[in-house]
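Participant: Okay, handing you the structure first.
The values are calculated or read from the model by the stated rules, or taken from the named source; none is laboratory data. Predicted, not measured: the structure shown is a model, and the values here were computed from it. Because the Cβ atoms are built from the backbone with ideal geometry, glycine has one as well, and the counts that use them run over all protein chains shown.
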Amino acid sequence: MPIPIILDCDPGTDDALALFLALASPELDVRAVTVAGGNVGLALTLANALALVAMTGVHVPVYAGADRPILGQFQSETRVHGNDGLGGVRLPNGGTATPGLAADAIRTILREAPEPITLVGIAPATNLALALMTEPELARNVARIVVMSGAWGEGNATPAAEFNAWSDPEALAVLIASGCPLVFATLELTAQALATPADLVGWRASGDGRCLRAACAIQGSVPLSRRLGGTGAPLHDPCAIAWLVRPDLFTSRPAAVTMDLGPGPGRGRTVIDRWGRTTAPANATVLEGLNRAGFLALMQDRLNRLP
Ligand code: RIB
Ligand code: CA
């Protein structure tokens, strides 16, 4: 049976490829796409999500959500995603959002679903947190929460923090405190999901669908990562989707994860105890290894299933 999911995103170049992967994968039943401000402001992330979903031809409601974190100020990341969030790649307009707020839609779906729903967070976790904070008992209707978030080592937004965790640390702390089964795809995992220019050439040569072409153009707009040696750009967000579709491509371990919510330079850091150095019980599954070739092949296969 397909896994029912709600996908919360902030498109965002890697979000775009994650949306395509999710909507092209029969292993998943995407009940809703919810959108937050993150890589760029909400007006742009929402328009991008609508355009991307429309390109796939899949009918799924898209809801607007939070345009700022629970605490603090909204801060975008246009250096990676461009001012429009998709690296300047122009897509046909995707229409209008489904009426209603993301957090309310998440709660309604959780409340009414006959089976537990998987929440996938590839953005600052504000929408997911607001849903669970305002109706905590809905946690029992959550099968698991899979997030692209955090790092056990250096961050990418600051030396200490990964962008999604750093953008709304309190929201991620709410997810951790919810008691829902949590799966983390951290920067160390996504560093293995490196797409090189040659990989994109191979994808592009494999087909000619509009979504494949858009994905190659969007990913091709992302600067090569200096942090990862300047040979490619990591496909962060698709990792969270790929784990649901092909968990055999990953290795993982249980670990205790806590948040640094302080005002200092460590704010937004995910403190991940991979070696059991504290007495804190494991509260998450942390993805560690990725079969890169299998992941890239999965991406190519699914992009070619889209129009
Ligand atoms: O750190 C990577 C994460 O931050 C990804 O979700 C990317 O889209 C940005 O939102
Ligand atoms: Ca994202």
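Participant: Inside the stretch 130-153, can you point out the residues that are within 22 Å of Arg79 (Cβ to Cβ), touching a residue at least 40 places away in the same chain (Cβ under 8 Å) and out of contact with any Gly (no Cβ under 8 Å at 6 or more places or on another chain)? Outline the logic, then answer.
Facilitator: Just the residues of the stretch 130-153 that are within 22 Å of Arg79 (Cβ to Cβ), to begin with: 148-151, 153.
Next, from what is left, pick out any that are touching a residue at least 40 places away in the same chain (Cβ under 8 Å): 148-151.
Once the filter is applied, which keeps residues that are within 22 Å of Arg79 (Cβ to Cβ), touching a residue at least 40 places away in the same chain (Cβ under 8 Å) and out of contact with any Gly (no Cβ under 8 Å at 6 or more places or on another chain), the stretch 130-153 yields Gly150, Ala151.
Participant: Here's another thing I want to ask about it. Of all residues in the stretch 135-168 being closer than 17 Å to Gly264 by Cβ and away from ligand 2 (no atom under 16 Å from the Cβ), which is surrounded by the most Cβ atoms within 10 Å (Cβ to Cβ)?
Facilitator: Out of the qualifying residues, it is Ala160.
Participant: (1) at pLDDT 95 or above; (2) more than 14 Å from ligand 2 (Cβ to nearest atom): which one isn't true of Gly95, the others all being true?
Facilitator: The one condition Gly95 does not meet is (1).
Here's the yes/no breakdown for (1) within 23 Å of Thr108 (Cβ to Cβ); (2) crowded, with 24+ Cβ neighbours inside 10 Å; (3) without any contact (Cβ under 8 Å) to a residue 60 or more places away in the chain:
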{"residue": "Ile6", "(1), (2), (3)": "yes, yes, no"}
{"residue": "Leu28", "(1), (2), (3)": "yes, no, no"}
{"residue": "Thr34", "(1), (2), (3)": "yes, yes, no"}
{"residue": "Ala49", "(1), (2), (3)": "yes, yes, yes"}
{"residue": "Val62", "(1), (2), (3)": "yes, yes, yes"}
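Participant: Here is a further query. Can you tell me which of (1) under 15 Å from the mean Cα position of the chain (by Cα); (2) closer than 21 Å to Asp67 by Cα is the one Leu101 doesn't meet?
Facilitator: In the conditions (1) under 15 Å from the mean Cα position of the chain (by Cα); (2) closer than 21 Å to Asp67 by Cα, Leu101 misses (1) alone.
Participant: With respect to Asn156, is the statement that it is under 21 Å from Gly121 (Cβ atoms), within 12 Å of ligand 1 (Cβ to nearest atom), at pLDDT 95 or above and in a helix (DSSP H, G or I) true? Explain how you work it out, then say what you get.
Facilitator: Working: under 21 Å from Gly121 (Cβ atoms): yes; within 12 Å of ligand 1 (Cβ to nearest atom): yes; at pLDDT 95 or above: yes; in a helix (DSSP H, G or I): no.
So Asn156 does not fit the description; no.
Participant: What is the residue count in the stretch 183-227 for residues that are more than 16 Å from ligand 1 (Cβ to nearest atom) and not in a helix (DSSP H, G or I)?
Facilitator: Residues meeting the conditions: 5.
Participant: Checking Tyr63 against (1) over 30 Å from Ser225 (Cα atoms); (2) assigned to a helix (DSSP H, G or I); (3) not hydrophobic (A, V, I, L, M, F, W, C), which test does it fail?
Facilitator: Failing condition for Tyr63: (2).
Participant: Looking at Ala139, is it closer than 13 Å to Ile176 by Cβ and part of a helix (DSSP H, G or I)? Write out each step before concluding.
Facilitator: Working: closer than 13 Å to Ile176 by Cβ: yes; part of a helix (DSSP H, G or I): yes.
Yes: the conditions hold for Ala139.
Participant: Right, next: Please verify whether Gly230 is in contact with a Leu (Cβ under 6 Å, 6 or more places away or on another chain) and not in a helix (DSSP H, G or I), treating the condition exactly as stated.
Facilitator: The answer is yes for Gly230.
Participant: Any idea which of (1) acidic (Asp, Glu); (2) touching a strand residue (DSSP E or B) at 6+ places or on another chain (Cβ under 7 Å); (3) more than 18 Å from Leu172 (Cβ to Cβ); (4) within 16 Å of ligand 1 (Cβ to nearest atom) is the one Asp84 doesn't satisfy?
Facilitator: With (1) acidic (Asp, Glu); (2) touching a strand residue (DSSP E or B) at 6+ places or on another chain (Cβ under 7 Å); (3) more than 18 Å from Leu172 (Cβ to Cβ); (4) within 16 Å of ligand 1 (Cβ to nearest atom) applied to Asp84, the lone miss is (2).
Residues are listed down the side, and each one gets a yes or a no for (1) away from ligand 2 (no atom under 14 Å from the Cβ); (2) part of a helix (DSSP H, G or I); (3) not β-branched (Val, Ile, Thr):
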residue	(1), (2), (3)
Phe20	no, yes, yes
Val30	yes, no, no
Val40	no, no, no
Thr45	no, yes, no
Ala49	no, yes, yes
Leu52	no, yes, yes
Gly72	yes, no, yes
Ser76	no, no, yes
